[in-house]
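Peer 1: Below is a structure I'd like to ask you about.
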Amino acid sequence: MSDEKGKRKGAAVKNIASSVTPHLHDTAPKGVSLKPRKAISPPGEEPMAAGSMKNAKATNAKLAQLDSVRDQPEHQALRTNQGVRIADNQNSLTAGVRGSTLLEDFILREKITHFDHERIPERVVHARGAAAHGYFQVYQPLDSLTKAGFLLDPEIRTPVFVRFSTVQGSRGSADTVRDIRGWATKFYTQEGNFDLVGNNTPVFFIQDAIKFPDFVHAVKPEPHNEIPQGQSAHDSFWDYVSLQPETLHNVMWAMSDRGIPRSYRMMEGFGIHTFKMINAQGKSHFVRFHWKPVCGAASLIWDEAQLLTGRDPDFHRRELWESIEAGDFPEYELGLQIIAEEDEHKFDFDILDATKLIPESLVPVQLVGKMILDRNPDNYFSETEQVAFCPGNIVPGLDFSDDPLLQGRLFSYIDTQISRLGGANFHEIPINKPVCPFHNNQRDGMHRMTISGTANYEPNSINNNWPRETPVAEENGGFSTSPQPLAGEKVRHRSDSFADYYSQPRLFWLSQTETERDHIVGGFSFELGKVVRPWIRERVVDQLTYIDHTLAARVAANLGLSLTKQQLQHALPGAINGLQTDAALSLYAQKQYPVKSRQVAILGADGICGDSLAKIKKLLTAQGVHSKIFAPHLGNIKTLQGKDIAVDGTIEGNPSVLVDAVIVVTGKESVATLMKNGNAKNYLLQAFKHLKPIALQGDGVRLYQSLPLPKPDEGVIVHDDTKPLIQQFIAALQKHRIWSREPLAEEIPG
Ligand code: HDD
């Protein structure tokens, strides 16, 4: 064993795996410019001006392939689908100017017929989504782990297309509802497409795919009135939860702040299932995939999330779109938890159970590469709607485990695309095509694009037996399944190793900060408060007593229920492999956030101090913070110094829920105007209630003092001088939210 390996083994005190070879902890690049760096890219390195779609740098093999099908209508005649030039696109063909329309009008018929068929079925789950193009690069070759080409060479930029989604709501539902977020990544590798179709939680609601239709029916809007939209706060969902305790772990995550992420760039992502990686020598390891957002994971406040569903239902997709357009590209690191095959049974849970996570304190996440999203789609339907993810899309060097949920998914996704995208040839839709060649003897079907040759069977002598099989080989070999001995009787029986439903929800609960626990209690209380049938509420609370008595008692109290003595004596589960808590499960236990990409509102009106404003904007831009000036009206405001400054929007149209923090710039007349403006006053009230940093320069403090707000706290920065004001403001912004304020903030009317 090398020294390096020995050192690492010694350091990983809690790591129960006897061997987590090949040890990838420190594979981040060391100053090699071609490779993505481990830390967040510094502000200013990427363009901060709009126009990424035209940014020549944002190209790759997939984008080049898509170029060939992009419509370029500039300087082109309007024509029918048959290529006939259209002379009049405003008037149907009629018999006389007031006469009946003629059936022969092929231009009218073609146009209306096509329009009549514009819609396709939305996804049965994850209907609401937004997507972006980008690329992935591995930090160092992972050859000890896998032979998958895209993980072997740090110089290779593998194109990706990522679609984020909510689960429950339909295509037009709001972004900021309490829900799990989908996170599907298509890697267009040189050896075929690899789809990592995960969520923003490391666990799922059920253990076996046969339950999926029941679970989805329960969470979707109720069948009689299709209420509620984009929410799980209704009877059928909680009825199912109360009867299926395996759902509880993911429910805990959904009721926590993880259910209301700040943005898609501030979420963790998880492949959830255990997969396998196979190296060139045929050695296999179990792996779990993670995405770690480089600018840290953070969430909204529940009141803010609810307000946003009305103020900006597109909040998440807009943020994704605008930051890419501004050249402030979302970045994520790919992490792996690696488990040697011989360690499969060393855990107090089954690694094949998708309702269980592998605590990071037991198996550390090793960061192996970075994904950067640098280009928006050109057309929502063609790309974001028609992209078809299938967990069964893998490449040589990767393999599935026997997780029964994963096994069911391998079938379901291809099946759903056939009805959603209208036939078996959905792989030919440009966004779904691999960037490497693909040839086989599959033929025909609806909407076939490829013009195939004569031989459509194999072996054949007509075309010299092309296309031919590729033997398994270390490099560029055909796909081979990793050998695994299997024996057993055919049974319908859940493994006993899947039977514990309460230990991991308890681990999650115990790992949260007090603030996060308050939010979880709030989440359960809100949702169960919407449940009409009392026995469902009671059964859920009873289930919670098996996780934690305090949690159950607090939710019960909010619902006007009292727990019996017997319920309070329910035995609680013990530690997991000796672990009572795991810091990685808390969003807010650790953190200092990078401020790059944060959104700040600057409020002002005529009479604002222009010099201060210019300095403030400069200091913020240097940190990668996006600031916008909002005033009572659009157009220009006049500064103290007599200059005109263009405003970015009205205060009314850009309420405080859209930003992370707010600054009121000095200027007597400007502040006096704001003090007479209800929207400006509400700005500070809501920013305070939602625990956001507030900076008040000079006269700006008068706006704050005119409101029924407590004395300035650690998040309310008051200063005359710009530099210290912004320094302290940035320090507050690094906290994401001012948690110490929460008890006071609750007294501010919502
Ligand atoms: Fe699923 C879509 C994630 C279990 C069946 N799923 C879908 C999407 C995501 C996930 C992110 C949207 C992909 C996109 O953006 O197009 N699903 C998951 C995760 C699961 C999971 C992380 C558990 C670990 N799913 C799951 C099971 C089944 C399905 C067990 C069925 C047996 N999922 C589907 C589906 C969808 C889908 C019905 C709807 C649209 C689509 O596939 O393309 O087939």
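The values are calculated or read from the model by the stated rules, or taken from the named source; none is laboratory data. Predicted, not measured: the structure shown is a model, and the values here were computed from it. Note that we place each Cβ from the backbone using ideal geometry, even for glycine, and neighbour counts take in every protein chain shown. Each accessible area value is taken on the protein alone, full model and side chains, heavy atoms only, with ligands, DNA and RNA left out. Shrake-Rupley method; radii C 1.70, N 1.55, O 1.52, S 1.80 Å.
Peer 1: Packing-wise, with mean Cβ within 10 Å as the measure, how do 270-277, 351-358 rank, highest first?
Peer 2: 351-358, 270-277
Peer 1: Among the DSSP beta bridges whose two residues both lie in the chain, what percent are antiparallel, rounded to the nearest 5?
Peer 2: Around 75 percent of the beta bridges assigned by DSSP in the chain are antiparallel ones.
Peer 1: Let me ask something additional. Can you pull the one-decimal nm distance between simple spin-label points at Thr513 and Arg702, each 7 Å off the Cα toward Cβ?
Peer 2: 3.6
Peer 1: Expected output is a single nm value to one decimal: the length gained when fully extending between Thr113 and Gln442, i.e. 0.36 nm times separation in residues minus the C-alpha distance. What is it?
Peer 2: Working it through step by step, the gained length comes to 115.4 nm.
Peer 1: Here's a follow-up. Run the helix sum for the chain: -39,500 (n - 2.57) per DSSP H stretch of 4+ residues, divided by residue count, reported at 222 nm to the nearest 500 deg cm²/dmol.
Peer 2: -7500 deg cm²/dmol
Peer 1: ³J(HN,Hα) across the stretch 326-333 via Karplus (A = 6.51, B = -1.76, C = 1.60, θ = phi - 60°), whole Hz, x for Gly/Pro?
Peer 2: Values per residue, Gly and Pro as x: 7, x, 9, 6, x, 10, 9, 9 Hz.
Peer 1: What is the stretch 508-585 by shape, rounded, prolate or oblate, if you read a ≥ b ≥ c off the alpha carbon gyration tensor as root eigenvalues and call it rounded for a/c under 1.5, prolate for a/b larger than b/c, and oblate otherwise?
Peer 2: Because a/c hits 1.5 or more and a/b fails to exceed b/c, the stretch 508-585 counts as oblate.
Peer 1: Spin-label point model (7 Å from Cα, Cβ direction): what's the Val84 to Thr101 distance in nm?
Peer 2: 1.7
Peer 1: Report, in debye and to the nearest 20, how large the dipole of the stretch 348-449 comes out about its Cα centre when Lys and Arg carry +1 and Asp and Glu carry -1 on their Cβ.
Peer 2: Taking the Cα centre of the stretch 348-449 as origin, the dipole is about 440 debye.
Peer 1: Tell me, what is the percent relative contact order of the chain, built from C-alpha pairs under 8 Å that lie six or more residues apart?
Peer 2: Answer for the chain is 13 percent.
Peer 1: Rounded to the nearest 20 Debye, what is the dipole magnitude of the chain about its Cα centre when Lys and Arg each give +1 and Asp and Glu each give -1 at the C-beta?
Peer 2: Dipole of the chain, to the nearest 20 debye: 1180 debye.
Peer 1: Starting from the residue with the highest accessible area, list Lys283, Lys668, Lys692, Lys220 in decreasing order, probe 1.4 Å.
Peer 2: Lys668, Lys283, Lys220, Lys692
Peer 1: In square nanometres, what is the average projected area of the Cα convex hull of the chain?
Peer 2: 40.9
Peer 1: Right, next: So how far apart, in nm, are the two label points at Ser562 and Lys283 if each is 7 Å from Cα heading toward Cβ?
Peer 2: 6.3
Peer 1: Further, regarding this structure: Which residue, Asn456, Thr384, Tyr240, has the largest displacement toward the positive end of the dipole of the chain when charges sit on each Cβ (Lys, Arg +1; Asp, Glu -1)?
Peer 2: Of the options given, the answer is Thr384.
Peer 1: Taking the Cα centre of the chain as the origin and placing charges on Cβ (Lys, Arg +1; Asp, Glu -1), which of Leu151, Asn199, Leu744 is farthest toward the positive end of the dipole?
Peer 2: Leu744
Peer 1: Still on this structure, I have one more. For the stretch 599-745, divide the Cα radius of gyration by the Kirkwood radius and give the resulting Rg/Rh value with two decimals.
Peer 2: 0.92
Peer 1: Please name which of Leu559, Ala584, His519 has its Cα lying farthest along the dipole of the stretch 508-585 towards the positive end, using unit charges on Cβ (Lys, Arg +1; Asp, Glu -1) and the Cα centre as origin.
Peer 2: Leu559
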